[in-house]
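Student: Below is the structure I would like to discuss, written out as structure tokens.
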Amino acid sequence: MRIRDTHHGHLTSRMSTMLRTPLLIGLWLACMAPASATELSLSDFHPHADGQADDLPSLRLCFAAAAAAGGGTVVIPPGDYGIGIGEPVALSSRVRVVANGARFHLPQVLPDKARMVLFAGADIRDLAWEGGHFIGHCFDWRGSEPAWPPNANTRMIVVTTSPGGTTGNLVFHGLSSDGVAGAVITVQGAGASGNDSAVQTYASDVSIGDCIFERTGKFMWDYGLLWQITVWPEDYDERERALAASYFRNDLVRAVRMGDGDERVQLSADGPAPPVSTSGQASQAVCFFGDALPQNVMRGRQYFVVESAADHLRIAEQPGGPALRFTGAAGPQARMITDLQAAYYALYAPTGSGPGKGAFDLVGCRTVQVSHCRLSALGDTMHIQKSDGIVFTGNHITGSRMGAFFLAEHCRNATITGNLIEGTNGSRVMSIEKSCTNVTISGNIFQGGGRGSWINQPQNLVLEGNIFVNNTTKGEADPRRGRRTFQTGGWERYPELYFTTYEPGGRYGPVIISGNTFTTGPEALAAMRFEGGAHDVLVSGNVISGATTTVLIEGGAEVRTADIPAGDIQRAPAMPATPPRIPGSPGR
């Protein structure tokens with residue numbers, strides 16, 4: 001079956017049509033059944049099938065028999081299968097798996113930093129997988145039920161590609177999950193050595209359809225949550241304070257003294273003093289909390305070190321600025337947090353968390369279709385990175401703690417259409433990250449996100465006919481829904497839609513933003529924001545209403561806004577990026 005359009009690098013209309021209904025997908029799965037007449041049933045390998053005792057040995061034997069036969073159909077009958085901790089079941093090529101009605105029960109208890117993969121294979125071709133429900137116990141910081149540690153990582157199906165190998169024709173239909181602490185489906189091409197943006201060998205022709213993945217994907221705390229509980233403990237209950245005490249980077253906390261009329265922050269003798277700040281980066285900033293503070297020092301706000309000695313510091317509001325002379329003294333329980341990059345941004349994920357992102361994780365794939373799925377997550381909801389020829393259509397994202405829709409770095413030729421994305425006060429409702437090229441986003445609804453929609457240095461992007469409704473809820477002055485920022489000590493504020501660059505002197509464009517509807521929420525900084533570096537950007541025919549209709553254009557960004565009232569356009573020199581650049585972190 002030919003499913004690739006060699007002229008345009010996209011799915012052909014034939015394949016796109018085939019994947020629109022469960023019946024047609026079922027027909028395609030039947031067509032993909034291997035030529036071998038071998039049919040194997042897990043029941044012939046004597047599983048316990050009680051949902052508790054470990055059925056991994058039976059699964060290994062069954063799939064090994066399929067591999068020895070050169071392929072075939074593996075039937076996992078309806079029932080409950082206990083899964084223990086051990087080596088993954090080996091996948092092989094030319095296999096069709098029928099697991100409708102099968103429920104895989106992952107262990108109730110996992111150790112700290114647990115790593116688990118259930119099925120795995122490299123250079124797999126012609127794999128069709130239908131059905132199966134995976135049941136786990138992903139950590140939920142708001143939940144009361146027993147759960148795995150926050151950094152546990154459980155991935156169900158992992159297909160990798162060796163340099164020069166061949167991975168292709170992978171179809172996943174009708175799978176479901178609840179509480180899995182990692183991706184149910186991971187497909188990876190082979191990266192190019194020494195080049196983070198390049199793919200040496202793509203995995204090709206990957207289809208995910210009619211799947212339901214709920215509360216699935218590795219757990220993430222979100223930016224600044226543990227920091228916020230630590231700095232404002234009175235806003236949280238005993239259980240929440242205990243979580244922060246256990247999982248915050250307490251090694252970054254120092255006892256300090258600050259006297260009235262003094263300029264010195266006197267340090268306890270339990271570690272080296274932070275160095276003088278040479279820039280405004282978060283890694284060189286400190287903040288204070290824990291007790292009464294001098295009147296001119298704000299709890300949680302960043303300050304910079306302008307003098308550093310073994311037993312004291314002097315701090316200022318800006319790097320290299322004048323040292324503060326304290327008005328009033330700090331109480332005896334005053335504390336300082338150093339390295340706000342590590343304390344705030346890097347703790348979006350638990351210390352020691354495992355690989356992968358989202359309910360499905362596709363990296364280095366060519367010709368990708370994700371259709372008619374329902375997804376929610378206690379971290380990122382989904383993740384597509386360094387892939388080419390992407391169609392994401394007819395899906396419903398029902399909730400996310402972090403990024404909802406996430407098209408990550410260096411993707412090409414993507415069509416995102418007809419989806420409902422509900423951010424549910426997570427982080428960014430949409431992220432198009434790092435030089436994605438030839439992207440069309442049309443006919444989608446984005447609502448209820450936390451930090452707006454972030455598009456980072458794109459090339460050739462069309463944003464047309466979408467609806468955006470109040471995606472800046474992280475600005476709410478509510479300790480459980482809102483997030484404070486260390487930059488001011490106050491609540492975050494984000495635009496509904498914003499464009500940034502990640503490279504020094506980076507440029508982005510052409511971009512068309514046309515026929516969209518924006519309804520901004522009360523916490524929105526602006527309807528749109530364009531960082532400098534834009535060229536050939538057209539904003540036309542949009543309807544903007546709500547708390548703010550402002551369009552911010554900064555740093556000489558070349559943006560044409562013919563039909564936006566002049567009073568709604570604010571031009572300014574380059575300003576601090578939104579969001580701040582976070583080295584080594586995902587764009588969520």
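Computed from the coordinates by the stated procedures, all read-outs in this text should not be read as laboratory data. Keep in mind that this is a model prediction, so the values were computed, not measured. A quick note on method: Cβ atoms are made from the backbone with ideal geometry, for glycine too, and the neighbour counts reach across all protein chains shown.
Student: I need the shape label for the chain. Rule: rounded when a/c is under 1.5, else prolate if a/b > b/c, else oblate, with a, b, c from the alpha carbon gyration tensor.
Tutor: Verdict is oblate for the chain.
Student: In addition: How much net charge surrounds V306 when only other residues with a Cβ under 13 Å from its Cβ are counted (Lys, Arg +1; Asp, Glu -1)? Display every interim value, and only then the final one.
Tutor: On the way: positive: R264, R314, R325; negative: E263, E307, E317.
Local charge sum for V306: 0.
Student: How many lysine pairs are close in the chain, with Cα atoms under 19 Å apart and the two 8 or more places apart or on different chains? Kindly include the intermediate steps, with their values, before the conclusion.
Tutor: Working: K113/K218; K113/K357; K218/K357; K357/K386; K357/K434; K386/K434.
Here the count comes out as 6.
Student: A further question follows. Could you work out how far apart the two model spin labels at A90 and D568 are, taking each label as a point 7 Å from the Cα in the direction of the beta carbon, and quote it in nm?
Tutor: Each label point is offset 7 Å from its Cα along the Cβ direction, giving 6.2 nm.
Student: While we're on this one: Along the Cα→Cβ direction, 7 angstrom out, place labels at I467 and D178. What is the inter-label distance in nm?
Tutor: 2.9 nm
Student: What FRET efficiency comes out for A192 versus H535 if R0 is 30 angstrom and r is the Cβ-Cβ distance? Round to the nearest 0.05.
Tutor: Plugging the Cβ-Cβ distance into 1/(1 + (r/R0)^6) gives 0.60.
Student: Same structure again: Rounded to the nearest 0.05, what FRET efficiency do R241 and A269 have when you use their Cβ-Cβ distance and R0 = 35 Å?
Tutor: The computed FRET efficiency comes out at 0.85.
Student: Percent antiparallel among DSSP beta bridges with both residues in the range 456-572, to the nearest 5?
Tutor: Expressed as a percentage, antiparallel bridges in the range 456-572 total about 5.
Student: Let me ask another. Could you compute the net charge surrounding G356? Neighbours are other residues with a C-beta less than 13 Å from the C-beta of G356; K and R count +1, D and E count -1.
Tutor: Working: positive: R115, R155, K218, K357; negative: D361, D380.
Net charge around G356: +2.
Student: Determine the calculated [θ] at 222 nm for the chain from helices alone, applying -39500 (n - 2.57) to every DSSP H run no shorter than 4 residues and normalising by the residue count; nearest 500 deg cm²/dmol.
Tutor: Per the formula, -2000 deg cm²/dmol.
Student: How far is it, in nm, from the label point at I445 to the one at Q52 when both lie 7 Å from their Cα along the line to the Cβ?
Tutor: If labels sit at I445 and Q52, their model points lie 4.5 nm apart.
Student: Something else about it: Would you mind getting me the FRET efficiency between T517 and T398? Use the beta-carbon distance for r and R0 = 25 Å, nearest 0.05.
Tutor: Plugging the Cβ-Cβ distance into 1/(1 + (r/R0)^6) gives 0.70.
Student: Here's something else I'd like to know. For Cα pairs less than 8 Å apart in space and 6+ apart in sequence, what is the mean separation divided by the residue count of the chain, i.e. the relative contact order in percent?
Tutor: Relative contact order for the chain comes out at 9 percent.
Student: What does the extension gain come out to for T417 and A323, with contour length at 0.36 nm per residue minus their alpha carbon separation?
Tutor: Residue separation times 0.36 nm, minus the Cα-Cα distance, leaves 28.5 nm.
Student: Here's something else I'd like to know. How would you classify the range 246-313 from its alpha-carbon gyration tensor, with a ≥ b ≥ c the square roots of the eigenvalues: rounded for a/c under 1.5, else prolate if a/b is greater than b/c, otherwise oblate?
Tutor: rounded
Student: Next question, about the same structure. At a threshold of 8 angstrom on Cα-Cα distance, excluding pairs fewer than six apart, so keeping six or more, what relative contact order does the range 493-540 reach in percent?
Tutor: Details: 72 pairs, mean separation 27.0, N = 48.
That works out to 56 percent.
Student: Roughly what % of DSSP beta bridges within the chain run antiparallel, to the nearest 5?
Tutor: Around 15 percent antiparallel, to the nearest 5.
Student: Let me ask another. Whose amide H sits under 5 Å from the amide H of D55, counting only residues 5 or more places off or on another chain, with H placed in the peptide plane?
Tutor: For D55, the qualifying residues are G82, I83, G84.
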